[in-house]
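I have placed the structure first, in the form of structure tokens, so that the comments after it can refer back to it.
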Amino acid sequence: MSGSKLQTPIDYLKGVGPNRANLLRSELGIHTYQDLLNLFPNRYIDKTQYYQVSQLQPTSADVQIIGKVTHLKTVGEGRSKRLVATFIDQTGSMELVWFRGLKWIREGLKINVPYVVFGKVQRFGSTYSIAHPDMELLEEHEKSIRVAMQPVYPSTEKLSNKGITNRVMNALMQTLFQEVHKSIEESLSQDILTALKLIPKREAYLNIHFPQKQQKLGLAQFRLKFEELFYIQLQLLVKNKLHKQKIKGYPFENIGDNFTTFYSKHLPFKLTGAQKRVLKEIRNDLGKPAQMNRLLQGDVGSGKTIVALMTMLIALDNGFQACLMAPTEILAIQHFQGISDLCEQLDIKIALLTGSSKTKERRIIHESLEDGSLHILIGTHALLEDKVRFKNLGLAVIDEQHRFGVAQRSKLWHKNELPPHILIMTATPIPRTLAMSVYGDLDVSVIDELPPGRKAIKTVHRFDNNRLKVFGFIRDEIKKGRQIYVVYPLIQESEALDYKDLMDGYESIAREFPMPDYQISIVHGQMKPADKDFEMNRFVNGETQIMVATTVIEVGVNVPNASVMIIESAERFGLSQLHQLRGRVGRGADQSYCILMTGHKLSEDSKTRLQTMTSTNDGFEIAEVDLKLRGPGDLMGTQQSGVLNLKIADIVKDNEIMKIARNYASALLKEDPQLAKPDNLPIRKTYAAVMKFKNIWNYIS
Ligand code: ADP
Ligand code: MG
């Protein structure tokens with residue numbers, strides 16, 4: 001959309017004074033005419049229909065009914081004092097209720113005169129009622145002209161308290177539209193409009209804000225959703241292309257000794273088909289003189305580490321160094337140990353660098369990094385310190401990327417003349433469609449196959465009062481030589497309380513499982529790192545049978561002998577977290593179990609989460625449910641919330657439209673990369689404007 005008129009500050013609109021302007025800005029982010037025009041209704045109230053009392057259903061939402069008030073009474077005392085009207089039509093009777101302004105309403109209401117009432121129905125016992133209905137005398141109602149479908153705009157409590165009601169928003173929209181409708185220019189090409197039978201832009205805006213018919217409204221919604229997603233896809237595709245063209249990278253043309261020796265002699269198991277396929281994708285990227293920027297997704301336990309290692313070996317074979325960065329010290333240590341073991345027979349040097357590395361170790365690491373004698377560096381955030389300088393870093397592997405901010409990633413990036421290739425590993429399954437739209441600039445590889453011989457983890461939900469049975473089960477498993485995790489939630493705001501829960505839980509477990517027969521480890525956030533590691537290592541080495549912990553063990557920890565994961569207060573965990581935790585077991589050959597403990601009081605969302613967990617082990621399926629429950633912002637973690645900031649489209653529900661938009665955007669760029677054809681002029685103009693006002697590049701990688 002162009003036209004400077006649309007950039008007029010909202011203060012200038014008739015009916016919007018300085019106070020309202022401030023409110024619109026602070027509450028809804030509306031600064032200009034265009035912003036208001038792009039405030040789309042959340043839903044519509046169908047005012048083409050009248051209901052009769054006998055037609056009401058417990059599920060009826062907002063309804064419009066014609067009838068008369070026959071009787072008024074005040075009931076209750078104090079806070080629950082309310083005015084109740086008996087309202088009837090030919091088919092039955094119901095109630096209208098007011099809690100505020102009783103006196104005023106009582107005086108204004110006419111008895112036995114036809115009204116049109118409008119509002120949300122609720123049912124109490126066998127009686128339907130509407131609280132604080134909109135009321136209009138039938139006579140007046142018939143005189144006024146009204147929109148058939150009344151839009152309901154997004155609002156906030158503050159806005160309605162300050163008198164900017166939905167009615168006011170509707171009025172402002174009318175004023176606005178009269179003033180700007182001529183400035184609304186077409187923003188798609190005739191080709192696309194024709195191919196998809198889209199209605200023109202101006203008509204779409206008219207129908208989204210002042211719909212007369214359901215069918216036209218549908219067309220308007222489709223048109224505007226398509227447009228929104230189309231420009232997002234266009235930006236992502238352009239970015240992806242620029243990326244491939246402009247960011248040079250070191251081509252790794254050789255597959256040398258390290259890789260081939262490892263592959264033929266030291267691989268401890270046969271790679272799965274998915275691992276092979278992903279390695280091929282990576283090798284293909286690395287062979288080109290462009291920087292690889294690849295996201296490797298694989299469910300917990302799918303075997304990402306070996307892929308990372310083999311990718312690092314390719315870097316080494318081409319004379320470069322590689323690094324692997326993990327989000328926690330424990331995980332970094334595990335990677336270091338695991339990879340050192342795997343590479344024992346190879347002639348390469350690997351070091352570990354974390355926050356607790358000693359000064360002397362550090363100095364040696366710094367020196368050998370700079371002279372190139374150190375080949376692989378594994379560690380935590382410590383890798384990002386200024387003193388860490390590689391001689392020639394060719395590949396950076398980042399594990400569990402959702403823990404790292406964007407700034408941190410690019411810091412790694414700038415260690416070298418040309419940027420290193422980047423491989424990001426994540427066990428947070430991002431639904432493909434979302435990955436496509438949010439990480440459009442990253443290439444995505446997926447390991448969608450677990451190593452053979454894994455038994456599916458059995459997951460059950462138990463209520464707290466069944467704890468004794470659960471203890472019995474633990475005892476049996478320990479007798480078989482297995483190890484057990486017991487995890488407690490830790491949520492920042494209630495840290496003290498959570499800590500108490502953890503300690504209470506620990507004590508009751510210690511009573512049930514006394515020393516010396518049983519040994520218990522405990523790990524939580526208030527411990528010193530050294531103590532944590534000590535406890536963790538006792539569990540890893542099999543010296544303790546039970547690990548009581550907060551969610552610090554969530555990421556990556558690998559103890560194949562642990563076969564039971566008990567999650568306390570499971571209703572307080574998000575789905576992806578539950579799935580991550582569950583992934584800590586099921587890593588060995590034994591049957592593993594996950595027990596979700598909760599109280600009896602559960603919200604609908606909690607029930608859905610528990611049901612999902614007990615019915616599937618598939619991370620992608622879980623991610624889809626999670627996405628539906630929480631929305632994309634949360635799924636991606638706070639650092640990415642608000643990505644895309646969609647105004648009308650819904651990334652989940654409008655998935656199909658997104659695919660169409662992507663296909664059209666991609667076809668367009670193929671056909672007319674410069675957007676130079678006359679028919680594409682509207683797209684070129686809009687694209688330039690979008691880039692100027694809402695540059696989503698900033699959000700992404
Ligand atoms: P994640 O993808 O969660 O990081 P890991 O790389 O830690 O998973 O692998 C999980 C376990 O599976 C490790 O013990 C690893 O040695 C083993 N593993 C990986 N790939 C295979 C395979 N192809 N066959 C058998 N075991 C494998
Ligand atoms: Mg891992």
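The values are calculated or read from the model by the stated rules, or taken from the named source; none is laboratory data. Just so we're clear, the structure is a prediction, and the values are computed from it rather than from any experiment. Using ideal geometry, Cβ is built from the backbone for each residue, glycine included, and neighbour counts are taken over all protein chains shown. Calculation scope for accessible area: heavy atoms of the full protein, side chains included, ligands and nucleic acids excluded. Shrake-Rupley method; radii C 1.70, N 1.55, O 1.52, S 1.80 Å.
Tally up the residues in segment 31-73 that are hydroxyl-bearing (Ser, Thr, Tyr), modelled with pLDDT of 80 or more and closer than 20 Å to Asn166 by Cβ, please.
Number satisfying all stated conditions: 2.
For every residue, the table says whether it meets (1) open to solvent by less than 10 Å² (accessible area, probe 1.4 Å); (2) assigned to a helix (DSSP H, G or I); (3) closer than 30 Å to Asp191 by Cα; (4) within 15 Å of ligand 1 (Cβ to nearest atom).
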{"site": "Gln233", "(1), (2), (3), (4)": "yes, yes, yes, no"}
{"site": "Lys239", "(1), (2), (3), (4)": "no, yes, yes, no"}
{"site": "Arg277", "(1), (2), (3), (4)": "no, yes, no, yes"}
{"site": "Val300", "(1), (2), (3), (4)": "no, no, no, yes"}
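Filter segment 202-221 down to the residues that are under 18 Å from Leu6 (Cα atoms) and either open to solvent by less than 10 Å² (accessible area, probe 1.4 Å) or in contact with a Phe, Trp or Tyr (Cβ under 9 Å, 6 or more places away or on another chain) (or both) and list them by number.
Ala204, Tyr205, Leu206, Ile208, His209
Here's a check for you: in segment 290-307, which residue that is modelled with pLDDT under 90 and of a type in the set (S, T, N, Q) is farthest from ligand 2 (Cβ to nearest atom)?
Gln291
Do you know which of the residues in segment 324-351 that are more than 16 Å from ligand 2 (Cβ to nearest atom) and not polar (S, T, N, Q) is nearest to Thr380 (Cα to Cα)?
Checked segment 324-351; the qualifying residue nearest to Thr380 (Cα to Cα) is Ala351.
Could you please find all residues in segment 333-370 being within 25 Å of Thr261 (Cα to Cα), at pLDDT below 95 and in contact with a Lys or Arg (Cβ under 8 Å, 6 or more places away or on another chain)?
Once the filter is applied, which keeps residues that are within 25 Å of Thr261 (Cα to Cα), at pLDDT below 95 and in contact with a Lys or Arg (Cβ under 8 Å, 6 or more places away or on another chain), segment 333-370 yields Gln345, Leu369.
When you look at Tyr263, is it in contact with a strand residue (DSSP E or B) (Cβ under 6 Å, 6 or more places away or on another chain), away from ligand 2 (no atom under 16 Å from the Cβ) and open to solvent by 30 Å² or more (accessible area, probe 1.4 Å), yes or no?
no
What do you reckon, is Gln408 within 16 Å of ligand 2 (Cβ to nearest atom), under 31 Å from the mean Cα position of the chain (by Cα) and at pLDDT below 85?
Against the criterion (within 16 Å of ligand 2 (Cβ to nearest atom), under 31 Å from the mean Cα position of the chain (by Cα) and at pLDDT below 85), Gln408 does not qualify.
Can you name the condition, by its number, that Arg684 falls short on among (1) open to solvent by less than 60 Å² (accessible area, probe 1.4 Å); (2) at pLDDT 85 or above?
If we test Arg684 against (1) open to solvent by less than 60 Å² (accessible area, probe 1.4 Å); (2) at pLDDT 85 or above, just (1) comes out false.
I'd like to check something: does segment 267-274 contain any residue that is surrounded by fewer than 19 Cβ atoms within 10 Å (Cβ to Cβ), of a type in the set (Phe, Trp, Tyr) and not in a helix (DSSP H, G or I)?
yes
Picking from Thr614, Thr598, Thr608, which residue would you name as being open to solvent by 20 Å² or more (accessible area, probe 1.4 Å), of a type in the set (Val, Ile, Thr) and touching a His at 6+ places or on another chain (Cβ under 8 Å)?
Only one candidate qualifies: Thr614.
Can you confirm whether Leu102 is open to solvent by 30 Å² or more (accessible area, probe 1.4 Å) and at negative phi?
Against the criterion (open to solvent by 30 Å² or more (accessible area, probe 1.4 Å) and at negative phi), Leu102 qualifies.
From the list Val84, Val69, Val97, Val53, pick out the single residue that is in contact (Cβ under 8 Å) with a residue 60 or more places away in the chain, surrounded by 14 or more Cβ atoms within 10 Å (Cβ to Cβ) and within 21 Å of Ser129 (Cα to Cα).
Selected residue: Val53, the only one of Val84, Val69, Val97, Val53 that is in contact (Cβ under 8 Å) with a residue 60 or more places away in the chain, surrounded by 14 or more Cβ atoms within 10 Å (Cβ to Cβ) and within 21 Å of Ser129 (Cα to Cα).
Filter segment 279-298 for residues that are in contact (Cβ under 8 Å) with a residue 40 or more places away in the chain, more than 30 Å from Arg454 (Cα to Cα) and open to solvent by 20 Å² or more (accessible area, probe 1.4 Å); which is nearest to the chain's Cα centre (by Cα)?
Per the stated criteria, the residue is Asp285.
Being small (Gly, Ala, Ser) and buried (at least 16 other Cβ atoms within 10 Å of the Cβ): is that true of Ala195 here?
no
Can you tell which of Arg587, Arg609, Arg582 is modelled with pLDDT of 90 or more and within 16 Å of ligand 2 (Cβ to nearest atom)?
Just a single option satisfies the conditions, and that option is Arg582.
Does segment 109-126 hold any residues that are open to solvent by 50 Å² or more (accessible area, probe 1.4 Å) and either outside the structural domain of Gln52 (by TED's automatic domain parsing) or under 16 Å from Val53 (Cα atoms) (or both), and which are they?
Once the filter is applied, which keeps residues that are open to solvent by 50 Å² or more (accessible area, probe 1.4 Å) and either outside the structural domain of Gln52 (by TED's automatic domain parsing) or under 16 Å from Val53 (Cα atoms) (or both), segment 109-126 yields Pro114, Lys120, Gln122, Arg123, Phe124, Gly125, Ser126.
Could you please let me know if Gly556 is within 16 Å of ligand 1 (Cβ to nearest atom), in a loop (DSSP other than H, G, I, E, B), crowded, with 18+ Cβ neighbours inside 10 Å and modelled with pLDDT under 80?
yes
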